[in-house]
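Below is one structure, written out as structure tokens; the observations come after it.
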Amino acid sequence: MSKQKGEQEQPINPSQWKLHQPYNAKTVGILIVLFVILIHTGKNTEVPRMISSTFEWAQDLVGLKETSEIGRGTQKLAEKMFPPVISERQELSRIDDFDPDNLPLFSHVEKEVQIYKEYNTDTLELEEVREEKEVLVKRFGYLVHVIKKMYDSLEIALWGTIIAIIVSIPLAYCSSANYAPNKPIYHAARAFVSLLRAVPELISALFLVLAFGFGPVAGILALGFHCAGFFGKFYAEDIENADRGPQDVMLAVNAGKIKTLLYGVFPQVFPQYVAYTLYIVDRNVRMAIVVGIVGAGGIGMELKGRFDMFDYGHVCTILIALFVTVFSLDILSAKIRQSLIKENNK
Amino acid sequence: MIQLQTLTKQYPDGTFAIDDISLEIQEGEFCVLLGPSGAGKSTLLKLLNGMVTPSKGSITINGKTLLPKALKEIRSIISTIHQNFNLVTRMSVEKNVLAGALSKVSLLRALFGVFPQPLRRKACDLIASVGLEEKHLYRRVVELSGGQQQRVGIARAFILDPSIVLADEPVASLDPNISRNVLSILRNAAQRNNTTVLCSLHQVDLAKEFGERIIGVNKGKIVFDGTPELLTQQDLEKIYA
Ligand SMILES: Nc1ncnc2c1ncn2[C@@H]1O[C@H](COP(=O)(O)OP(=O)(O)OP(=O)(O)O)[C@@H](O)[C@H]1O
Ligand SMILES: [Mg+2]
């Protein structure tokens, strides 16, 4: 039948072949919908203002305009932020057992004159008051403080990662299809792992601060649980994808699931695990800083405090410290990763 | 002794991989399973260590019927050798051999990688007996040649003094000279321990050279069973029909 039909059909002249239109009603419809969404969301998020003020700023920068909103803002901020504060000043009268003959390293005593206006209750007028006080200036006091806080954040990142690994090991075991004790546990573990990943650490830190109080514990737990979600997923996938051969051999000689996992799977997936861990440490350092902002300890908490007190000079020091830390950590983890790859290809 | 009675394995898709086989293998025999691809050799070997469950018939090993509840006990006297070695390539030779004895090592020891000293000595003896040297002990398996890797596989198979070794095409990925070397190492190890070996091969010359007994299989049925001297051209035609 079909052959007959084929015979009857005359070859059509290529000039009459049906061509697909590059655009059809569906494309136009989709474009309209997208356009409406963009207009609507753009209006809500003040995109036009963003564009106009950026444009204004650009004109300002090249000298086409006297001033601009952004230009003024950044200038003001820059003026306030510079120079970065690295010293720490303390009034002598507030130091309990001050010993002028035994000053701490890199510090000296300075006279500070403060002028402020006060309402005089007798004359009922504002009067200028001159107050002179002695302060102890620690030259690098604030810098040292920032470095200490930074170190706290690094510790939070480290312990967050350790907690994540510890929590994720049983989760990975239960959420890998070929090792889970049974189906319900497998599904429960998978759901739990997704849940851990789905809760942003900033949110969980907010609640953990309520539960555990201000300080590093909340930060460690927030990072730990979130990253346990990552590790749980990655570890489980690697376990599932590991070469079955050696595992079957071990299971066939009664090694049992856990020992098989240790000897048949773990050596295979180890390099991958190290790579994940490096990646998570790297991101945890950044996140440890962020969760500090909601009170979970470390440099973030310091940053938030200074920001709220308008101490922009201090903020500047913190930002520089952040940049240096994150940058050097990036270089370090790249180095480790590289040597790992070399080791792998050996 | 291994006894198979009217053993049949039909896979879910309907293929009869093993079709009504009855067979008896004596202790210490070195049996070669000879057959073309798809004959059912792998399936037969998997049936013997319970990796595949029979659809019909029974398997009796040393008087014990292979049933799910006896599986653990039977597996403790069987070990396996594979075509693609199935070693953990990133792990050292020593650990790979010791991994064959995990059932005899406590979980705590396994976790910390502290194997009992006598077991480690035994692993050394075995590694030496398959022709490897001290310098290979802590080498990762990836850094060994194919023939050396399979010798590690043999050492692992013998670590718990199994009474039965099942070898599924142990030399399929090795070149002929090395295949001979590996098979003679396997035969020697088996003779020393009076181990029953069931070894599938697809090379006729190797089967004749190493088998004390050849079992020819084709399409899930036994088409020849006897000593290599009895294997005629006609039998070979039946096997490869
Ligand atoms: N898991 C499975 N599901 C379905 N059919 C299978 C399965 N495993 C094997 N078979 C089929 O069973 C038959 C026997 O396979 P088996 O692997 O035992 O052959 P073999 O003799 O080992 O072959 P080869 O020499 O190629 O390894 C084949 O037809 C194969 O397609
Ligand atoms: Mg096979």
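The values are calculated or read from the model by the stated rules, or taken from the named source; none is laboratory data. For clarity, every value in this text was computed on a predicted model and none was experimentally measured. Heads up, the Cβs are rebuilt from the backbone with ideal geometry, glycines too, and the neighbour counts pull from every protein chain shown. What goes into the accessible areas is simple: the full protein's heavy atoms, side chains included, and nothing from ligands, DNA or RNA. Shrake-Rupley method; radii C 1.70, N 1.55, O 1.52, S 1.80 Å.
Would you please classify the overall shape of the protein assembly as shown from the alpha carbon gyration tensor, given that a ≥ b ≥ c denote the square roots of the eigenvalues, rounded means a/c under 1.5, and beyond that prolate means a/b larger than b/c while oblate covers the rest? Mind dumping the intermediate values first?
Numbers: a/c = 3.42, a/b = 1.93, b/c = 1.77.
Prolate is the answer for the protein assembly as shown, as a/c is 1.5 or above and a/b outweighs b/c.
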**Request:** Note the angle between two axes, namely the Cα long axis of helix A:266-292 and the longest principal axis of the Cα atoms of chain A, as a number of degrees from 0 to 90, rounded to the nearest 10.
**Result:** 40
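Take every residue in peptide B:102-111, count the Cβ atoms of other chains within 10 Å of its Cβ, and give the average of those counts.
Values: counts 12, 6, 3, 3, 1, 4, 0, 1, 7, 3.
Taking the mean over all residues of the peptide, I get 4.
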**Between the range A:312-346 and the range B:51-111, the alpha-carbon center distance in angstrom** = 47
**Request:** Can you tell me the 0 to 90 degree angle between the C-alpha axis of helix A:201-212 and the longest principal axis of chain A, rounded to 10?
**Result:** 60
**Message:** Counting C-alpha atoms alone, how compact is the range A:88-139: give Rg to one decimal and Dmax as a whole number, in angstrom.
**Reply:** 15.2, 47
**Request:** For A:Lys65, list the aspartates and glutamates whose Cα falls under 13 Å from its own Cα; do not include residues on the same chain fewer than 8 positions away.
**Result:** A:Glu56
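Suppose all protein chains stay in the model; what accessible area per residue would a 1.4 Å probe give for the range A:137-266, in Å²? If you can, show how the numbers build up before the last one.
On the way: 5940 Å² over 130 residues.
Here the residues of the range A:137-266 average 46 Å² of exposed surface.
For each pair in B:Lys9/B:Lys219; A:Lys80/A:Lys304; A:Lys117/A:Lys138, compute the distance between the two Cα atoms and list the pairs where it is over 18 Å. List each step's numbers first, then the result.
Working: B:Lys9/B:Lys219 12 Å; A:Lys80/A:Lys304 16 Å; A:Lys117/A:Lys138 28 Å.
Flagged as over cut-off: A:Lys117/A:Lys138.
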**Asked** How about A:Lys335: which aspartates and glutamates have a C-alpha closer than 17 Å to its C-alpha, ignoring those fewer than 8 places off in the same chain?
**Response** A:Asp282, A:Glu343
**Prompt:** Per residue and in cubic angstrom, what volume does the convex hull of the Cα atoms of chain B have?
**Reply:** 129
**Complete:** Rounded to the nearest 100 Å², the accessible area hidden between B and A, summed over both chains at a 1.4 Å probe radius, is 2100
**Asked** Working out 0.36 nm times the residue gap between A:Arg89 and A:Trp17, then minus their Cα-Cα distance, what length gain in nm do you get to one decimal?
**Response** 17.4 nm
**Request:** May I ask for the angle, rounded to the nearest 10°, between helix A:69-81 and the longest principal axis of chain A, with both axes built from Cα atoms and the value confined to 0 to 90°?
**Result:** 60
**Item:** Solvent-accessible area of A:Lys342 with every protein chain in place, 1.4 Å probe, in Å² to the nearest 10
**Value:** 150
**Prompt:** What residues have an amide H closer than 5 Å to that of A:Ala296, excluding those fewer than 5 places away on the same chain, when H is modeled at 1.01 Å from N in the peptide plane?
**Reply:** A:Gly215
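Relative contact order of the range A:113-173: what whole-number percent is it, with Cα pairs under 8 angstrom and at least 6 residues apart? Can you show the working numbers first?
Working: 28 pairs, mean separation 12.7, N = 61.
Relative contact order for the range A:113-173 comes out at 21 percent.
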**Request:** May I ask you to order A:46-53, A:253-260 by the average number of other C-beta atoms within 10 Å around their residues, highest value first?
**Result:** A:253-260, A:46-53
**Request:** For the range A:211-254, state which residues have at least 40 Å² less accessible area in the presence of all protein chains than in their chain by itself, taking the probe as 1.4 Å and leaving out ligands, DNA and RNA.
**Result:** A:Pro246, A:Val249, A:Met250, A:Ala252, A:Val253, A:Asn254
**Request:** Count the lysine pairs in the range B:32-130 whose Cα atoms lie under 27 Å apart, taking only pairs 8 or more positions apart in sequence or on different chains.
**Result:** 22
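Inside 10 Å of the C-beta atoms of A:263-274, what's the mean count of C-beta atoms belonging to other chains? Display every interim value, and only then the final one.
Details: counts 11, 6, 1, 3, 10, 4, 1, 2, 1, 0, 0, 0.
Mean shielding count: 3.
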**Request:** Once every Cα of the range A:142-345 carries one equal point scatterer and solvent is ignored, give the base-10 log of I(q)/I(0) from the Debye formula at q = 0.08, 0.10, 0.15 Å⁻¹, two decimals.
**Result:** -0.34, -0.51, -0.93
**Asked** Say we join alpha carbon atoms closer than 10 Å with springs in a Gaussian network model of chain A; which of A:Asp311, A:Asp60, A:Asp243 then has the biggest fluctuation?
**Response** A:Asp60
